[in-house]
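Chemist: Okay, here's the structure, questions in a sec.
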Amino acid sequence: MDCSHPHSNKDSASGRTTTVLRYRTGPQNNCTALGQAARGTLIYYHCWTSGESVGGVSTWTWGRVAGTQHEGWFSDKYLDDGGSTKKC
C-alpha cells in the first residue's frame, strides 16, 4: 500500500485520541510517523480510508491536531468515536 494516499477535507466532525498516538503519512504502520498526539488530544477529521488493520480495525482517518497545522493519518482503533464518517 502506498504511503501517499489521497485525502480531502470532507468532514466537520472531531474526536479524541484514546492513547498516545502517532499520526502517519499513509494508512499503515510502516508509513513515516509525522508526530504523535497525547491521549485525549482533539483531532479535527477530514475523511477516512481503508488501510492496515490495527487491532481488528482497518480504517484510518486523515485529520489535524487541534490548535496546530499538524496533519496525518490516525488509526481509527485509537479515536474515541471511531473516526471520520466521510470517505476520502
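Chemist: Kindly work out what percent of the DSSP beta bridges joining two residues of the chain are antiparallel, to the nearest 5.
Modeler: Counting DSSP beta bridges with both partners in the chain, the antiparallel share is about 95 percent.
Chemist: Rank-order 28-41, 71-84 by packing density, defined as the average count of other C-beta atoms within 10 Å over each peptide's residues, highest first.
Modeler: 71-84, 28-41
Chemist: Test of understanding: what is the full-extension gain from His70 to Lys87, defined as 0.36 nm times their sequence separation minus their Cα-Cα distance?
Modeler: Computed gain between His70 and Lys87 is 4.1 nm.
Chemist: Still on this structure, please answer the following. When ranked by the protection proxy of mean other Cβ atoms within 10 Å per residue, highest first, what sequence do the peptides 57-63, 19-25 form?
Modeler: Going from most to least packed, we get 57-63, 19-25.
Chemist: Tell me the relative contact order for the chain as a rounded percent, counting alpha carbon contacts under 8 Å between residues six or more apart.
Modeler: RCO, the chain: 33 percent.
Chemist: Calculate, in whole percent, how much of the Cα-Cα pair population of the chain lies beyond 19 Å.
Modeler: When every Cα pair of the chain is considered, 24 percent fall beyond 19 Å.
Chemist: Let me check I've understood the local charge: for Arg16, count other residues with C-beta under 12 angstrom from its C-beta, Lys and Arg +1, Asp and Glu -1. What total comes out?
Modeler: Counting the neighbours of Arg16, the net charge comes to -1.
Chemist: Could you name the aspartates and glutamates whose alpha carbon sits less than 15 Å from that of Lys86, not counting residues in the same chain fewer than 8 places away?
Modeler: Partners within reach: Asp11, Asp76.
Laboratory data are not the source of any read-out in this text; all were calculated from the coordinates shown. Small disclaimer: the values here were computed from a predicted structure and weren't measured. Note that each Cβ is placed from the backbone with ideal geometry, even for glycine, and that neighbours are counted across all protein chains shown.
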